[in-house]
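Here is the structure we will look at.
The values are calculated or read from the model by the stated rules, or taken from the named source; none is laboratory data. Treat the numbers as computed from the prediction; the structure is a model and nothing was measured. Cβ sites come from the backbone with ideal geometry, for glycine too, and all protein chains shown count toward neighbours. In case anyone asks, the SASA skips ligands and DNA or RNA and just uses the protein heavy atoms, side chains included. Shrake-Rupley method; radii C 1.70, N 1.55, O 1.52, S 1.80 Å.
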Amino acid sequence: MLTGREEQDALLDLLNTTPVVNGVAQDQFAEPEAARSWQRAHGGSGTADELRNLVQARDALQDVVRGSRPATSLAPLLKDVTSRPHLSSAGVSWELDAPAECRMAVKAVMAWSALRETMPGRLRPCANPECRLFLIDRSKTNKGRWCSMAVCGNRMKARRHYQRTRDGAAE
């Protein structure tokens, strides 16, 4: 069973499977063996049906987080999914009941929902318009803007500095 942090990290890993490399959008699931490896590393079976559902969930979640689709667009991913209570001495826990090929996709949607509820506004796209990655801002101030300060943050700060010095020289 994954912890909340592990579920968040798995969601972020999924969202970030379409990076831009040297100006070209990539899809880490394009190569079947790479996709199977990713699925297995994240608790999946590596089947083609599981991948199909996972890609559908990833694409929908990316659009929802970017604000280009409403959250209700995720509803088809949860069709025929239920959660059953399990009672133990530790209390009540909930067990996901979903077809095996849908389980990873459903867990991603559930992780997004839990993150939205417990840490509203913390999952967001990188502020670099040329980047397609996402971040979960776990800082106290909730002011994180970049997927990576070393890459996007420095790049954007350098651009702003160049623009200011160029504008200042033109005056």
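Given the options E50, E31, E7, name the one that is open to solvent by 60 Å² or more (accessible area, probe 1.4 Å) and farther than 23 Å from P125 by Cβ.
Going through E50, E31, E7 in turn, just one is open to solvent by 60 Å² or more (accessible area, probe 1.4 Å) and farther than 23 Å from P125 by Cβ: E31.
Can you tell me which residue within the stretch 90-113, out of those that are loosely packed, with under 14 Cβ neighbours inside 10 Å and among the hydrophobic types (A, V, I, L, M, F, W, C), is nearest to T47 (Cα to Cα)?
Once the filter is applied, the top-ranked residue is A100.
Residue-wise test of (1) among the small types (G, A, S); (2) at pLDDT below 95.
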residue: A57; (1), (2): yes, no
residue: L74; (1), (2): no, no
residue: S88; (1), (2): yes, yes
residue: E95; (1), (2): no, yes
residue: W112; (1), (2): no, no
residue: P129; (1), (2): no, yes
residue: I136; (1), (2): no, yes
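Among V106, V81, which is closer than 17 Å to D63 by Cα, under 23 Å from the mean Cα position of the chain (by Cα) and modelled with pLDDT of 90 or more?
Of V106, V81, the one residue that is closer than 17 Å to D63 by Cα, under 23 Å from the mean Cα position of the chain (by Cα) and modelled with pLDDT of 90 or more is V106.
Scan the stretch 127-141 residue by residue and report those that are more than 12 Å from the chain's Cα centre (by Cα) and open to solvent by 50 Å² or more (accessible area, probe 1.4 Å).
If the condition is that a residue be more than 12 Å from the chain's Cα centre (by Cα) and open to solvent by 50 Å² or more (accessible area, probe 1.4 Å), then P129, E130, R138, K140, T141 are the ones that fit.
Could you tell me which of the residues R124, R84, R66 is surrounded by 14 or more Cβ atoms within 10 Å (Cβ to Cβ), among the charged types (D, E, K, R) and in contact with a strand residue (DSSP E or B) (Cβ under 8 Å, 6 or more places away or on another chain)?
R124
Table: residues versus (1) touching a helix residue (DSSP H, G or I) at 6+ places or on another chain (Cβ under 8 Å); (2) under 29 Å from R138 (Cβ atoms); (3) not acidic (D, E).
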position: E7; (1), (2), (3): yes, yes, no
position: L14; (1), (2), (3): yes, yes, yes
position: V20; (1), (2), (3): no, yes, yes
position: A25; (1), (2), (3): no, yes, yes
position: A35; (1), (2), (3): yes, yes, yes
